[in-house]
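Note sheet for the following structure.
The values are calculated or read from the model by the stated rules, or taken from the named source; none is laboratory data. If you're wondering where the values come from, they're calculated on a predicted model, not measured in any experiment. In this analysis, Cβ positions are derived from the backbone assuming ideal geometry, glycine residues included, and neighbour counts consider all displayed protein chains. Remember, those area values only see protein heavy atoms, side chains included, never the ligands or the DNA or RNA. Shrake-Rupley method; radii C 1.70, N 1.55, O 1.52, S 1.80 Å.
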Amino acid sequence: MSSTALSQLPQKEQDPLEKVYQSLRTVERTKDYKDFYSYLKSTRIPFIPCDERKAGTMYRECFKVLHGMGQISIPVAVALSMHYYMLAALAAYPLSKKSTSYWKREMLLAKIKKERLLIANTGSVRTFKDTAENSGILARKEKGYYTIQGKAPFMSLAGVADYVVFAAELPSGEKAVFFVPLDNDQIEFEHTAFGDSMQGSFTKAVKFKNLRVGHANVLSLPDSQASNCEILVYQRAWFQALIPAPYLGATSEVLSCAKAFAKKKIKNGKSLAASENFQGRVGELLIKYRAAQQLCEHTGAAMDDFKRGDRISLKKLFESSVLSKHFSTHFAEEIVTQVRYLMGSQFLLPGTLTNKVYKEIVFGALQPMSDTDIKDYFARAFMDPCKLSF
């Protein structure tokens, strides 16, 4: 067949997700991360929660994207997980169609998809608070608007996202969720957290200085005076559930590097890959990797089983997300460290993926809920099993 005839044959279109991954690989070399986020917004990938409303399916699709991104860049995958968890929790929570919040939510999701907006958020519950200042975010209701002031220590996608979503506390003790454009003089970004270790996540502290927000950009939270307000717990469950994806993705890539390394190394006429010692050590690491994967899959099933107003299904979802986050991030860190022992100095060569992942894998276990918070939660549940305290 001639080359002309070949060119006229229909070409298989490249998978949009693979195109995103290909772009990210390029950006990991050039470090033009803002260009990558601009490209990402032109695809459907960030807006999966706007199109898919079944919680379990949404979780699995978002997890798949973040796992693949984690194989290339933990910081970028973590940043996108912040956008995903807020958007997914908003989209999947079964609000009553009779409520004002439902129709505000629908309009908001339509706007995000139509205008292709990246969403930042101000993070989750932290173990320790800075005693030097009141770092909470407070809201005061005025005539026709709310006034927001306060500070949050961490926000990914700072300077990249289009809007920020955050919860603020009113003088009554109730909370409301605010949706605000980030291009505003009353919003300031301070130092970059973590330095170059998480370059690409654009994580900074954010400060609100008497920011005015109209009522149209506010979702009220019923019963939000309670620390275990259902919709806030649901949101936190989504946060915990998506954290493992970037770190497990990076771990799978490090395991692939160990496999390639073992095939190339020979001792006493036998490849390292063929040695029983190597196979036993790698087998143990793969058991932990698969255990982490299955914990995450269990969380997806709990997403499907959740029912509004059902405290037992909420507890199951929340605890499943916390357990998958805890064991996945710790197993990921342990696996990467053990591969370093297997590969030796080659693991730490400058410019290698293994060296880069080794510096970044530690952040998984540090993300909220921290080990301290998790142990405290289960200890309280043990002492008073009849009380659902989140």
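Remark: pairs (first residue in segment 241-256, at positive phi; second residue modelled with pLDDT of 95 or more and assigned to a helix (DSSP H, G or I); Cβ separation under 9 Å; 6+ apart in sequence or on different chains) are absent. A search for C-beta distances below 6 Å between a residue of segment 291-315 that is in contact (Cβ under 8 Å) with a residue 24 or more places away in the chain and any residue that is not in a helix (DSSP H, G or I), counting only pairs 6+ apart in sequence or on different chains, returns ARG308/PRO94; ARG311/LEU388; LYS315/LEU388.
For segment 40-53, a tally of residues being touching a helix residue (DSSP H, G or I) at 6+ places or on another chain (Cβ under 7 Å) and open to solvent by 70 Å² or more (accessible area, probe 1.4 Å) returns 2.
Just the residues that are of a type in the set (Gly, Ala, Ser), part of a helix (DSSP H, G or I) and open to solvent by 70 Å² or more (accessible area, probe 1.4 Å), please, taken from segment 340-353. Steps first, please.
Pass one, segment 340-353, residues of a type in the set (Gly, Ala, Ser): 344-345, 351.
Checking the rest, the ones that are also part of a helix (DSSP H, G or I) come to 344-345.
Listed by number, the list holds a single entry, SER345.
So, TYR84, is that one open to solvent by less than 10 Å² (accessible area, probe 1.4 Å) and aromatic (Phe, Trp, Tyr) or not? In short, yes.
When the residues of segment 107-124 are filtered to those that are part of a loop (DSSP other than H, G, I, E, B) and modelled with pLDDT of 90 or more, the one that is most open to solvent (accessible area, probe 1.4 Å) is ARG116.
For segment 19-38, name all the residues that are open to solvent by less than 80 Å² (accessible area, probe 1.4 Å) and either in a helix (DSSP H, G or I) or touching a strand residue (DSSP E or B) at 6+ places or on another chain (Cβ under 6 Å) (or both).
From segment 19-38, those open to solvent by less than 80 Å² (accessible area, probe 1.4 Å) are 20-21, 23-24, 26-28, 30, 32-33, 36-38; that's our starting set.
Those that are open to solvent by less than 80 Å² (accessible area, probe 1.4 Å) and either in a helix (DSSP H, G or I) or touching a strand residue (DSSP E or B) at 6+ places or on another chain (Cβ under 6 Å) (or both): VAL20, TYR21, SER23, LEU24, THR26, VAL27, GLU28, THR30, TYR33, PHE36, TYR37, SER38.
Looking across segment 360-375, the residues that are outside any loop (DSSP other than H, G, I, E, B) and either hydroxyl-bearing (Ser, Thr, Tyr) or surrounded by 14 or more Cβ atoms within 10 Å (Cβ to Cβ) (or both) come down to GLU360, PHE363, GLY364, ALA365, THR372, ASP373, ILE374.
Any residue at all in segment 239-256 that's aromatic (Phe, Trp, Tyr) and under 29 Å from the mean Cα position of the chain (by Cα)? Checking segment 239-256: at least one residue is aromatic (Phe, Trp, Tyr) and under 29 Å from the mean Cα position of the chain (by Cα).
For segment 90-101, the criterion of being modelled with pLDDT under 95 and on the phi > 0 side of the Ramachandran plot is satisfied by no residue at all.
Tell me, please, whether a residue that is in a helix (DSSP H, G or I), among the β-branched types (Val, Ile, Thr) and modelled with pLDDT of 95 or more can be found in segment 222-237. Talk me through it step by step, then tell me what you get.
Initially, segment 222-237 is screened for residues in a helix (DSSP H, G or I), giving 230-237.
This time we only want the ones that are among the β-branched types (Val, Ile, Thr), so: 231, 233.
Next cut, modelled with pLDDT of 95 or more only: none.
Within segment 222-237, not a single residue is in a helix (DSSP H, G or I), among the β-branched types (Val, Ile, Thr) and modelled with pLDDT of 95 or more.
Scan segment 150-160 and give yes if some residue there is on the phi < 0 side of the Ramachandran plot, in a loop (DSSP other than H, G, I, E, B), open to solvent by 50 Å² or more (accessible area, probe 1.4 Å) and at pLDDT 90 or above, otherwise no. For segment 150-160, residues on the phi < 0 side of the Ramachandran plot, in a loop (DSSP other than H, G, I, E, B), open to solvent by 50 Å² or more (accessible area, probe 1.4 Å) and at pLDDT 90 or above: absent. Scanning segment 169-198 for residues that are open to solvent by less than 40 Å² (accessible area, probe 1.4 Å) and of a type in the set (Phe, Trp, Tyr) returns PHE178, PHE179. Only one entry of ILE231, ILE287 meets the criterion of being β-branched (Val, Ile, Thr) and under 23 Å from LEU138 (Cβ atoms), and that entry is ILE231. With respect to the conditions (1) over 26 Å from THR299 (Cα atoms); (2) free of Cβ contacts under 8 Å to residues at least 60 places away in the same chain, GLU52 lacks only one, and its number is (1). Looking at the structure I just gave you, is LYS104 assigned to a loop (DSSP other than H, G, I, E, B), modelled with pLDDT under 95, of a type outside the set (A, V, I, L, M, F, W, C) and farther than 22 Å from GLY159 by Cβ? For LYS104, the condition - assigned to a loop (DSSP other than H, G, I, E, B), modelled with pLDDT under 95, of a type outside the set (A, V, I, L, M, F, W, C) and farther than 22 Å from GLY159 by Cβ - is not met.
Among GLY249, GLY283, which is part of a helix (DSSP H, G or I), closer than 26 Å to MET82 by Cα and at pLDDT 95 or above? It would help to see each step written out before you state the result.
On the way: GLY283 fails: closer than 26 Å to MET82 by Cα.
Criteria check complete, one pass: GLY249.
Of the residues making up segment 163-185, not a single one is farther than 30 Å from LYS31 by Cα, free of Cβ contacts under 8 Å to residues at least 12 places away in the same chain, more than 21 Å from the chain's Cα centre (by Cα) and not in a strand (DSSP E or B). The residue that is farthest from ARG60 (Cα to Cα), counting only those in segment 300-339 that are open to solvent by less than 40 Å² (accessible area, probe 1.4 Å) and either among the hydroxyl-bearing types (Ser, Thr, Tyr) or not in a helix (DSSP H, G or I) (or both), is THR337.
So, CYS386, is that one open to solvent by 60 Å² or more (accessible area, probe 1.4 Å) and not aliphatic (A, V, I, L, M) or not? Considered against the rule, which asks whether it is open to solvent by 60 Å² or more (accessible area, probe 1.4 Å) and not aliphatic (A, V, I, L, M), CYS386 comes out as yes. Can you confirm whether ALA260 is within 24 Å of the chain's Cα centre (by Cα) and either at pLDDT 95 or above or surrounded by fewer than 23 Cβ atoms within 10 Å (Cβ to Cβ) (or both)? Judged against the criteria, ALA260 is not a match.
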